[in-house]
Amino acid sequence: MAAAERLGLDVLDAASNDYLGLAAEHAAAVTADAPAGAGASRLVHGTFEAHTALERDLAQWVGMDSALLFTSAYAANVGLLAAVRSPGDHVVSAKLNHASIIDGIRLARAQVTVVDPDDLGSVASALSAPCAGQRWLVVESYYSMDGTSPDLVALRAAASASGAVFIVDEAHALGVFGSDGAGLCSAAAVQPDVLVGGLGKSLGLQGGFVAGSGLLRTWLWNRARSFVFSTASSPALALAGVARVAKVRAMSEERAALLEIAAEFRARVDALPNAQLQAGAHGPIVSLLFGTPERALAAARTFLELGVLVQAIRPPTVPPGASRLRLALKASFSAADRARLLAAVEAACRLS
Ligand SMILES: Cc1ncc(COP(=O)(O)O)c(C=O)c1O
């Protein structure tokens, strides 16, 4: 049962990150033979064949040597960034980076420079600042509040030119972009040094992972505190993950339909008189800017009255003045769903 139905709402769900509509699918058929709980952390006695199989499949999918599974992408980012940092390191972090990246950098107590990843001059200048240790460049490939993407080719080049380790969080891009859904790095033929992904968005499950070299995996296995000191993911969930990765890789038609739906919907919204779309956005995340929290909340209420569930995103998730409705489109949206959504956009924009 989808989230909106569970709330007893007969509404179109344009709020969740379930871009391929998989979250409501039952997993019992593929998890029947797996225990529900791991009983311990991975290092102690909690590693099951399902975990290592999923890690192999995830690494292969995103084109990296190996991967380590975390209980969430939040835990993956926090564990990764705090574990890899050494004294004297300098982290260059994109300004829209997710809270889990920000928290990881805070935990690492690293020197940090926050940059606009689209301003390649500032990125290069931050990366060339004197640094006694290792330089790191951390970005997301698809920003979940804006629906925008940085130029991964240029950022890869900037990282390489300064000897920085290039970390890309693909949580919202996996399953949605790239050949077999492997994400935007894959689509742009960019090889990051470290790729972070999540199972809670288009895969419709729960969990996160860090993919990189075998050495990085071993390091994180021993040093990432959110991994070492936490009960391993449910083996049943990991087994469901194995099936989901295979399924999502094969969903090329749904992916193409999703991107087509998104492009067409965006064009229609753009043609409306009062609609203010996030500039430079693409893909299934459509941000409609309303400015103040009050206007965004009023717009969300209008959507609900017209049978569409969306969330008003307000500070501190977005900067002051940038309150918005964040619409997440789904591959399964029918023509009637899209018409309902557009009618809600029209009505909400008439309010403003
Ligand atoms: C870019 C990014 N990374 C990590 C996360 C955390 O994901 P999870 O829900 O698996 O903890 C999110 C969640 O929204 C995200 O947007």
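Coordinate-derived values only; no laboratory data. Please read all numbers here as calculations on a predicted model, not as lab measurements. Don't worry about glycine lacking a Cβ; one is built from the backbone with ideal geometry, like all the others, and counts go over all protein chains shown.
Listed peptides 339-345, 204-210, 14-20, 215-221 appear in the order 204-210, 14-20, 339-345, 215-221 once ranked by packing, highest mean of other Cβ atoms within 10 Å at the front. Per-peptide packing, taken as the mean over residues of other Cβ atoms within 10 Å, places 272-285, 75-88 in the sequence 75-88, 272-285 from highest down. Note that the stretch 252-334 shows a convex hull volume over its alpha carbon atoms of 100 Å³ per residue. Residues with beta-carbon under 13 Å from that of ALA188, excluding ALA188: net charge, scoring Lys, Arg +1 and Asp, Glu -1? Net local charge, ALA188 excluded: -1.
Taking one quarter of the surface of the convex hull spanned by the alpha-carbon atoms of the stretch 179-259 gives a direction-averaged projected area of 6.1 nm². Taking amide H atoms as placed 1.01 Å from N in the peptide plane, the amide H of GLY175 lies under 5 Å from those of ALA182, GLY183, each 5 or more residues away in sequence or on another chain. Within the shell defined by Cβ-Cβ distances under 15 Å, the residues around LEU289 carry a net charge of +2, with Lys and Arg each +1 and Asp and Glu each -1.
In the chain, Cα pairs under 8 Å separated by at least six residues give a relative contact order of 23 percent. Estimated translational diffusion coefficient (Stokes-Einstein, Kirkwood radius over Cα pairs, 25 °C, 0.890 mPa s) of the stretch 298-352: 207 µm² per second.
Rg and Dmax over the alpha-carbon atoms of the stretch 73-167 stand at 12.3, 35 Å. Between ALA267, ALA67, ALA59, the GNM of the chain built on Cα springs shorter than 10 angstrom shows ALA267 fluctuating the most.
Peptides 33-46, 180-193 ranked from most to least packed by the mean count of surrounding Cβ atoms within 10 Å: 180-193, 33-46.
Each residue of the stretch 117-126 is assigned a 3J(HN,Hα), and the resulting list reads x, 7, 9, 5, x, 5, 4, 4, 5, 5 Hz, derived from the Karplus form 6.51 cos²θ - 1.76 cosθ + 1.60 (θ = phi - 60°), x at Gly and Pro.
Neighbour counts of other Cβ atoms within 10 Å put SER93, SER202 in the fewest-to-most order SER93, SER202.
Ellipticity at 222 nm from helices only: DSSP H runs of n ≥ 4 in the chain, each -39500 (n - 2.57), divided by the residue count, give -12000 deg cm²/dmol. Other residues within the sphere of radius under 12 Å centred on the Cβ of ASP337, judged by their own Cβ, net out at +2 (K and R +1, D and E -1). Normalised Debye scattering of the stretch 3-80 at q = 0.22, 0.23, 0.25 Å⁻¹ gives log10 I(q)/I(0) of -1.21, -1.23, -1.26, counting only Cα atoms as equal scatterers and leaving out solvent. Under the 0.36 nm per residue contour assumption, what length would be gained going from the current alpha-carbon distance of THR113 and SER160 to full extension? That works out to 15.2 nm of additional length. In order along the stretch 208-218, the phi-based Karplus estimate (6.51 cos²θ - 1.76 cosθ + 1.60, θ = phi - 60°) of 3J(HN,Hα) comes to x, 8, 10, 10, x, 6, x, 5, 4, 4, 4 Hz; Gly and Pro are listed as x. Using the Cα coordinates of the stretch 182-327, the gyration tensor eigenvalues translate into equivalent-ellipsoid semi-axes of 35, 20, 16 Å, sorted from longest to shortest.
Hull volume per residue, based on the alpha-carbon atoms of the stretch 1-133 and their convex hull, is 186 Å³.
Note on the chain: Cα-only Rg and Dmax are 20.3, 60 Å.
The label point for GLU25 and the one for LEU304, both projected 7 Å from the Cα toward the Cβ, are 3.1 nm apart. The mean sequence separation of alpha-carbon pairs under 8 Å and at least six residues apart, normalised by the residue count of the stretch 147-237, gives a relative contact order of 19 percent. Between amide H atoms placed 1.01 Å from N, distances below 5 Å from LEU327 occur with VAL286, SER287, LEU288, all of them 5 or more places distant or on a separate chain.
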